[in-house]
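The values are calculated or read from the model by the stated rules, or taken from the named source; none is laboratory data. Please read these numbers as outputs of a predicted model, since none were measured by experiment. Because the Cβ atoms are built from the backbone with ideal geometry, glycine has one as well, and the counts that use them run over all protein chains shown.
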Amino acid sequence: MDNKIFFGIPNQGIINIELAKFLMNHSFRFESGCFSTKQPTDANRNFIVDRFLESECDWLFFCDSDMIPPDDIFNMLEDCKYDNFNILSPINLIRQENKIRSNIFGEQERINENYLAVDSCGCGCCFINRKVFESMKQPYFQFALGEKGELKISENINFTNKAKKLGFDCFIDTRYKTNHLKTLGLMELEKMKVG
């Protein structure tokens, strides 16, 4: 599959060294891309989407600045033979409510040995096809806040919920897992069984 890929790296002015090495090692795979330090995070993601839509690329590869994708993550696109896979993510580890868990939210259904269809997923590291954004009204990403400004729904989950309403499902390729850097990488904490 010959896909034109645009990288988008939302960040706060710092890129972890392992992600920088990953981007340098895989620079030949990208047609174009951008780093963005806009605040808040939803505006940051929307800025990247706008730059992506100005390009002629087919896929936006989002990778947050604290993520380390597996080196072979681009095989996800090359291996994927399903036309309806427009939001495709590896397993991204997150820390939520003092526990380490995957980026899968809501119901999930096993499609085959490699893929899960999920209600919603985080976008810390994922591929999103251009047609998802072209079918959606702006803002693409937006926090849903409560009356007192508390976070009700993250910008990622809000985005994938909107995409699902438009007929775009989220898929997880379970063969791939990203490391999510915190003080200690969540993969290391997962191995230690620390919450």
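Things to note:
- Hey, E134 surrounded by fewer than 21 Cβ atoms within 10 Å (Cβ to Cβ), in contact (Cβ under 8 Å) with a residue 24 or more places away in the chain and of a type in the set (D, E) or not: yes
- Boolean, N25 is touching a residue at least 12 places away in the same chain (Cβ under 8 Å) and either in contact with a Cys (Cβ under 9 Å, 6 or more places away or on another chain) or farther than 30 Å from L145 by Cα (or both): yes
- Of the residues examined, L93 is not one that is closer than 20 Å to F133 by Cβ, at pLDDT below 90 and aliphatic (A, V, I, L, M).
- Number of the condition not met by D64 [criteria: (1) of a type in the set (D, E); (2) within 17 Å of the chain's Cα centre (by Cα); (3) within 26 Å of D83 (Cβ to Cβ)]: (3)
- Looking only at the stretch 124-166, and only at residues there that are among the small types (G, A, S) and touching a Lys or Arg at 6+ places or on another chain (Cβ under 6 Å), the one that is nearest to E109 (Cα to Cα): A144
For every residue, the table says whether it meets (1) free of Cβ contacts under 8 Å to residues at least 40 places away in the same chain; (2) over 18 Å from the mean Cα position of the chain (by Cα); (3) not in a loop (DSSP other than H, G, I, E, B).
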{"position": "E147", "(1), (2), (3)": "yes, yes, no"}
{"position": "K152", "(1), (2), (3)": "yes, yes, yes"}
{"position": "T160", "(1), (2), (3)": "no, no, yes"}
{"position": "F168", "(1), (2), (3)": "no, no, no"}
{"position": "F171", "(1), (2), (3)": "no, no, yes"}
{"position": "Y176", "(1), (2), (3)": "no, no, yes"}
{"position": "E188", "(1), (2), (3)": "yes, yes, yes"}
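- Any chance P70 is in contact with a Phe, Trp or Tyr (Cβ under 7 Å, 6 or more places away or on another chain), of a type outside the set (G, A, S), modelled with pLDDT of 90 or more and assigned to a loop (DSSP other than H, G, I, E, B): yes
- Filter result (modelled with pLDDT of 95 or more, in contact with a strand residue (DSSP E or B) (Cβ under 8 Å, 6 or more places away or on another chain) and over 21 Å from M67 (Cβ atoms)) within the stretch 124-167: R130
- Number of positions in the stretch 19-36 that are part of a helix (DSSP H, G or I) and surrounded by 15 or more Cβ atoms within 10 Å (Cβ to Cβ): 4
- Selected residue (only one of Q12, Q39 is of a type in the set (S, T, N, Q), in a loop (DSSP other than H, G, I, E, B), farther than 15 Å from F127 by Cβ and in contact with a Ser or Thr (Cβ under 9 Å, 6 or more places away or on another chain)): Q12
Table: residues versus (1) under 15 Å from K164 (Cα atoms); (2) basic (K, R); (3) free of Cβ contacts under 8 Å to residues at least 60 places away in the same chain; (4) out of contact with any Lys or Arg (no Cβ under 6 Å at 6 or more places or on another chain).
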{"site": "C80", "(1), (2), (3), (4)": "no, no, no, yes"}
{"site": "D83", "(1), (2), (3), (4)": "no, no, yes, yes"}
{"site": "L88", "(1), (2), (3), (4)": "yes, no, no, yes"}
{"site": "I91", "(1), (2), (3), (4)": "no, no, no, no"}
{"site": "N98", "(1), (2), (3), (4)": "no, no, no, yes"}
{"site": "F105", "(1), (2), (3), (4)": "yes, no, yes, yes"}
{"site": "N112", "(1), (2), (3), (4)": "no, no, yes, yes"}
{"site": "A117", "(1), (2), (3), (4)": "yes, no, yes, yes"}
{"site": "G122", "(1), (2), (3), (4)": "yes, no, yes, yes"}
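- Every residue from the stretch 87-129 that is surrounded by fewer than 22 Cβ atoms within 10 Å (Cβ to Cβ) and assigned to a loop (DSSP other than H, G, I, E, B): E97, N98, I111, N112, E113, N114
- Test: residue in the stretch 32-41 that is closer than 23 Å to V118 by Cα and touching a Gly at 6+ places or on another chain (Cβ under 7 Å): no
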